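Read through the structure below, which is laid out as structure tokens, and then see the notes.
Derivation of every value follows stated rules applied to the coordinates shown; laboratory data play no part. In this text, all values refer to a predicted model and were calculated from it rather than measured experimentally. In this analysis, Cβ positions are derived from the backbone assuming ideal geometry, glycine residues included, and neighbour counts consider all displayed protein chains.
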Amino acid sequence: MKTRKLFNRISVLRQERNISRKELAKKIGVNFQTVGYLEREEYNPSLDLAFRISECFGLPIDLVFSTEPMRPLSEELLDRKSQNGK
């Protein structure tokens, strides 16, 4: 079975929070090079690592990772807000 490519917002989220790759790596318990591989989508995280990353940013896992190319986070949040307001 072929592994699906995962898309992510790690780089954007890290930059928004002014966190270096080394800082993020320390918080989630991996080597800083692993963060680079994840950001470039050269490596799919384990389920446990994906949860650690999403928890580090305080976001649901589906706002950090997707099996399809990701829309800007602002669009995602607006859609969720409009769905909850109905």
Coil-residue GluC sites (Glu not before Pro) of the chain, DSSP, other Cβ within 10 Å capped at 14:
Glu41, Glu42
Region 14-54 and region 62-85 have their Cα centres apart by a whole-number Å value of 20 Å
With the contact rule set at Cα under 8 Å and sequence spacing of 6 or more, what percent relative contact order holds for the chain?
36 percent
Place a point 7 Å from the Cα of Lys5 along the Cα-to-Cβ direction; which residues of region 18-46 have their backbone N under 16 Å from it?
37-45
Work out the charge dipole of the chain with +1 on the Cβ of Lys and Arg and -1 on the Cβ of Asp and Glu about the Cα centre, then indicate which of Leu63, Thr3, Val35 is farthest towards its positive end.
Val35
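Would you calculate a helix-derived [θ] at 222 nm for the chain, using -39,500 (n - 2.57) for each DSSP H run of n ≥ 4 and dividing by the full residue count, to the nearest 500?
Taking each H run of at least 4 residues, the total per residue is -16500 deg cm²/dmol.
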Neighbour-count ranking [beta-carbon atoms within 10 angstrom, fewest first] of Met1, Met70
Met1, Met70
Fewest to most Cβ atoms within 10 Å: Arg52, Arg4, Arg71 sort as Arg4, Arg71, Arg52
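Assuming a ≥ b ≥ c are the square roots of the Cα gyration tensor eigenvalues, decide whether region 1-78 counts as rounded (a/c under 1.5), prolate (otherwise, with a/b larger than b/c) or oblate.
Cα axes put region 1-78 in the oblate bin.
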Neighbourhood net charge (11 Å Cβ-Cβ; Lys/Arg +1, Asp/Glu -1) for Val35
+4
Given +1 on the Cβ of Lys and Arg, -1 on the Cβ of Asp and Glu, and no further charges, what dipole in debye does the chain carry about its Cα centre, rounded to the nearest 20?
120 debye
